[in-house]
Amino acid sequence: MRLLKFRVENFRSVVDSGWIEAEQVTSLIGVNESGKTNLLLPLWKLNPAREGEIKPTSDYPKGNYAAVKAEPSRFFFIHAHFALDDSLTTEIARLTGLNASSVNTVLVAKNFANYIWIGFPNFRAEKTILAAELQGALATAHSEISAISQLAKEGNLKEKLLEAVVNASANASDDAKNTADHIASLSSQLSSIVPESAAPTSSIVPRFKLLLETLASMESRLRVPEPNTIEGVRDLILKNLPKFVFYSNYGNLDSEIYLPHVVENLKRTDLGAREAAKARTLRVLFSFVQLSAEEILELGKDFPQTAGRAPTADEIAAIATKKRERTILLNSAGTQLTKSFRNWWKQGDYTFEFDADGDHFRIWVSDKRRPEKVELEDRSSGLQWFLSFYLVFLVESTGEHKNAVLLLDEPGLSLHPLAQRDLSAFFENLASTNQIIYTTHSPFLVDADMLDRVRKVYVSEDGSTKASPDLRTGFEDPRKSGATYAIYSALNMNVAESLLYGCHPVVVEGPSDQHYLATIKIALIGAKRINPSRELVFPPSHGANNAKVVASILSGKDEVLPVMLLDGDAAGQKMARDLKNGLYQGEKEKILTTDKYVGFADSEIEDLFPVDFLTSVIDRWGRRADVPFSDVVELGKPIVPQIEAWAKSQNVELYEGWKVDIAREAKRKALTPSFSFDETTIEKWGKLFDELLNPPR
């Protein structure tokens, strides 16, 4: 089951959050005290992996505390939609007899009395039969019975049956009237006309009975039970409902651990938040080692000095065997952790070693760049945080918690900004197995290429917590909205205010397009072909979903959508269609593609430049090739696919970001004082920029 969206109501500071859509990774970004944590906690308490009990004095809304306390069963604090996987959908469809499309999504809600309610939002129970359908069935029966010859011994049976159909038709003229009970009543009246022993050769009675079967089928449709009332369905949903693992206090491991204290702390229930978090991490560490702290301590004991005698040879051998066994177990555990951690976190290549000496347990770390062993506490706090988080996740979200949804409250707060960016990238790896929802107010934990999965959390006018995918929501002036400002930073908008209020943005697909259009702008201004009254900037969108969010932010206070210039290739054309059918439905003229200005299909921004100019840049960039690109390039065709084919034939590596590097080289060459473009090119570019500055209508 995959979480699709959730809604929090009447929980702490949240009156009604509104529906919050959940992606594979979802960021809840907001300033301090905006209520971000109060959106995670209800999800956790829907189906917690551990702990997560409802605490009335903390969780009940203070403004409505008495009402909730009096009738906790009336107040559902969390609603969540889940998509079911194919096998679960198939099983529920079998149990209910419904189409898979009716039961492939489930709504799960929980109230303060700890009752979980389930429903199927795609299931639409028919309440009435349309008069047109019912009248059609009756009219068809009347017409066909009228055309059938009755037997002589049937007397006036045909006349009675037709009269009954006419009367039934008169009672089926109102859509709202045709309920299951009404149709059952009609069927009963019609059935009473049918003789108990019809003539074996009669044709009228079988046709009339066919009408009764049709009405019975209509009644059955209206009496289909709700899927959640069918035996076995509720139990199946609850069995497959994902667990929610909540992290708030991240207890970093110390490099040296005194085992007697560990044994004592693991038994205590009165520890403070910091010590409790450490105890939790230690608990999962020893679970990972597959030994208890007591066992590690016991395996390392020497012969007691108080015995008053020297140990025997057998006792010495037994103690040595136990210590050797402990060393083997710890070495094995260190090797296992090293392998698992490398598969999980791609940002480093670390080796972990566990060592025990008497009552002391130590963790050593090394890596390829620094092969010497160093105590864990002397490595970066980022590594300590990642390791501690990993151990807790590894133990608490596997086994029965497999596919758990991870709820991370302010992760990585103590990390350096670069380490926070690593953490954001790390979430991408983790999302292949677990959905993640995390809160933050750091721009370094917001992926600028994935703004469509960011939800802004803010305090509404009534003082309650709200969440919205509109990243400008919350204040009339976006410059005063702290969470939104973090988004601007994530977009690398160093001059966000001037960009929103003083510049003319043209959204492009990627950073290479940004360089090319900036080059063209400078060339046109130098040739005095354009003289823009506002600074022209070209923010990259990185995809259709992101483009919608970027365009929405750049629309500013006046909500004027920016122009977009997209490639004419398949990806660009699809992106253009999506935007024209969505955000730009009312301003389709602002979506421009390069094909119009290049003169052939499937073009990209690179094709706006003269072929000889770009080939000279590419040949300088790929000068180790045996065959220059200028020898094989064909005019009138998209140049990027040609570059890719040439590079493959010449064993020239097209690494990630190669298009950006070529764009930078092109910009450098074009801005050389001695270089200038021909008049034909300047005029072609001028027409493009005329439309970028003043889109056609």
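The values are calculated or read from the model by the stated rules, or taken from the named source; none is laboratory data. Bear in mind the structure is a predicted one, so any value in this text is a computation, not a measurement. Using ideal geometry, Cβ is built from the backbone for each residue, glycine included, and neighbour counts are taken over all protein chains shown. Accessible surface is based on the protein model in full, side chains and every heavy atom, while ligands, DNA and RNA are left aside. Shrake-Rupley method; radii C 1.70, N 1.55, O 1.52, S 1.80 Å.
Of the residues Ser87, Ser73, Ser101, only one is among the small types (Gly, Ala, Ser), surrounded by fewer than 16 Cβ atoms within 10 Å (Cβ to Cβ), under 25 Å from Leu238 (Cβ atoms) and free of Cβ contacts under 8 Å to residues at least 12 places away in the same chain; which? Break it down stepwise before answering.
Numbers: Ser73 fails: free of Cβ contacts under 8 Å to residues at least 12 places away in the same chain; Ser101 fails: free of Cβ contacts under 8 Å to residues at least 12 places away in the same chain.
Being among the small types (Gly, Ala, Ser), surrounded by fewer than 16 Cβ atoms within 10 Å (Cβ to Cβ), under 25 Å from Leu238 (Cβ atoms) and free of Cβ contacts under 8 Å to residues at least 12 places away in the same chain holds for just one of Ser87, Ser73, Ser101, which is Ser87.
If you check Ala125 against the conditions, is it open to solvent by 50 Å² or more (accessible area, probe 1.4 Å) and either without any contact (Cβ under 8 Å) to a residue 40 or more places away in the chain or not in a helix (DSSP H, G or I) (or both)?
Numbers: open to solvent by 50 Å² or more (accessible area, probe 1.4 Å): no; either without any contact (Cβ under 8 Å) to a residue 40 or more places away in the chain or not in a helix (DSSP H, G or I) (or both): yes.
Against the criterion (open to solvent by 50 Å² or more (accessible area, probe 1.4 Å) and either without any contact (Cβ under 8 Å) to a residue 40 or more places away in the chain or not in a helix (DSSP H, G or I) (or both)), Ala125 does not qualify.
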Notebook entry, point to check: In region 149-166, how many are in a helix (DSSP H, G or I) and either farther than 28 Å from Val224 by Cβ or touching a strand residue (DSSP E or B) at 6+ places or on another chain (Cβ under 8 Å) (or both)?
Noted result: 11
Next item on the list: Please specify each residue of region 341-361 satisfying the condition of being within 24 Å of Glu295 (Cβ to Cβ) and at pLDDT 80 or above.
Entry: Phe341, Phe352, Glu353, Phe354, Asp355
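Results for (1) within 45 Å of the chain's Cα centre (by Cα); (2) modelled with pLDDT of 85 or more; (3) open to solvent by 30 Å² or more (accessible area, probe 1.4 Å), shown as yes or no for each residue.
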| site | (1), (2), (3) |
| --- | --- |
| Ala170 | no, no, yes |
| Ser191 | no, yes, yes |
| Glu196 | no, no, yes |
| Ser203 | no, yes, yes |
| Glu219 | yes, no, yes |
| Asn228 | yes, yes, yes |
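Hey, any hits in region 105-112 for a residue that's at negative phi, surrounded by fewer than 15 Cβ atoms within 10 Å (Cβ to Cβ) and touching a residue at least 40 places away in the same chain (Cβ under 8 Å)? Give the steps one after another, and end with the answer.
Restricting attention to region 105-112, the residues satisfying the condition of being at negative phi are 105-112.
Retained after the next criterion (residues that are surrounded by fewer than 15 Cβ atoms within 10 Å (Cβ to Cβ)): none.
No, every residue in region 105-112 fails to be at negative phi, surrounded by fewer than 15 Cβ atoms within 10 Å (Cβ to Cβ) and touching a residue at least 40 places away in the same chain (Cβ under 8 Å).
What number of residues within region 643-671 are within 15 Å of Lys521 (Cα to Cα) and either part of a helix (DSSP H, G or I) or without any contact (Cβ under 8 Å) to a residue 24 or more places away in the chain (or both)? Break it down stepwise before answering.
Kept after step one, since they are within 15 Å of Lys521 (Cα to Cα), are these residues of region 643-671: 663-664, 666-671.
Those still in the list that are either part of a helix (DSSP H, G or I) or without any contact (Cβ under 8 Å) to a residue 24 or more places away in the chain (or both) too: 663-664, 666-670.
Number of matching residues: 7.
Among Lys69, Lys62, Lys45, which is of a type outside the set (Gly, Ala, Ser) and in contact with a Ser or Thr (Cβ under 9 Å, 6 or more places away or on another chain)? Even if it seems obvious, please write down each step before you answer.
Working: Lys69 fails: in contact with a Ser or Thr (Cβ under 9 Å, 6 or more places away or on another chain); Lys45 fails: in contact with a Ser or Thr (Cβ under 9 Å, 6 or more places away or on another chain).
That would be Lys62, the only listed residue that is of a type outside the set (Gly, Ala, Ser) and in contact with a Ser or Thr (Cβ under 9 Å, 6 or more places away or on another chain).
Is at least one residue of region 150-169 more than 19 Å from Ile129 (Cβ to Cβ), in contact (Cβ under 8 Å) with a residue 24 or more places away in the chain and of a type in the set (Asp, Glu)? First the steps, then the outcome.
The initial filter retains those residues of region 150-169 that are more than 19 Å from Ile129 (Cβ to Cβ), namely 150-163.
Imposing the further condition that a residue be in contact (Cβ under 8 Å) with a residue 24 or more places away in the chain reduces the set to 150-151, 153-154, 157-158, 160-161.
Still in the list and also of a type in the set (Asp, Glu): 154.
Yes: region 150-169 contains one or more residues that are more than 19 Å from Ile129 (Cβ to Cβ), in contact (Cβ under 8 Å) with a residue 24 or more places away in the chain and of a type in the set (Asp, Glu).
Hey, could you check region 299-317 for residues that are open to solvent by 30 Å² or more (accessible area, probe 1.4 Å) and touching a helix residue (DSSP H, G or I) at 6+ places or on another chain (Cβ under 8 Å) and say which is modelled with the highest pLDDT? Show your work before the answer.
Step one: list which residues in region 299-317 are open to solvent by 30 Å² or more (accessible area, probe 1.4 Å), which gives 301-317.
From what is left, the residues that are touching a helix residue (DSSP H, G or I) at 6+ places or on another chain (Cβ under 8 Å) are 301-303, 311.
Values: Lys301: 74, Asp302: 73, Phe303: 67, Pro311: 78.
By that ranking, first place goes to Pro311.
Scanning region 634-661 for residues that are hydrophobic (A, V, I, L, M, F, W, C) and either surrounded by fewer than 17 Cβ atoms within 10 Å (Cβ to Cβ) or touching a Gly at 6+ places or on another chain (Cβ under 9 Å) (or both), which turns out nearest to Ile605 (Cα to Cα)?
Let us first name the residues in region 634-661 that are hydrophobic (A, V, I, L, M, F, W, C), namely 635, 639-640, 643, 645-647, 652, 654, 658, 660.
From what is left, the residues that are either surrounded by fewer than 17 Cβ atoms within 10 Å (Cβ to Cβ) or touching a Gly at 6+ places or on another chain (Cβ under 9 Å) (or both) are 635, 643, 645-647, 652, 654, 660.
Details: Leu635: 15, Ile643: 14, Ala645: 18, Trp646: 19, Ala647: 19, Val652: 22, Leu654: 18, Val660: 12 Å.
Restricting to residues being hydrophobic (A, V, I, L, M, F, W, C) and either surrounded by fewer than 17 Cβ atoms within 10 Å (Cβ to Cβ) or touching a Gly at 6+ places or on another chain (Cβ under 9 Å) (or both), the top hit is Val660.
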Item checked: Output for region 136-159, where each listed residue is open to solvent by 60 Å² or more (accessible area, probe 1.4 Å) and either closer than 13 Å to Ser202 by Cβ or touching a His at 6+ places or on another chain (Cβ under 9 Å) (or both) -> Ser149, Gln150, Ala152, Lys153
Notebook entry, point to check: within 33 Å of the chain's Cα centre (by Cα) and either surrounded by 13 or more Cβ atoms within 10 Å (Cβ to Cβ) or at pLDDT below 80 (or both) - does that describe any residue in region 323-336?
Noted result: yes
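Using the structure shown, decide if Glu604 is of a type in the set (D, E, K, R), crowded, with 16+ Cβ neighbours inside 10 Å and at pLDDT 90 or above.
On the way: of a type in the set (D, E, K, R): yes; crowded, with 16+ Cβ neighbours inside 10 Å: yes; at pLDDT 90 or above: yes.
It is true that Glu604 is of a type in the set (D, E, K, R), crowded, with 16+ Cβ neighbours inside 10 Å and at pLDDT 90 or above.
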Note to self: Anything in region 672-692 that is open to solvent by 80 Å² or more (accessible area, probe 1.4 Å) and either modelled with pLDDT under 90 or more than 17 Å from Asp607 (Cβ to Cβ) (or both)? List them, or say none.
What the structure shows: Pro673, Ser674, Ser676, Glu679
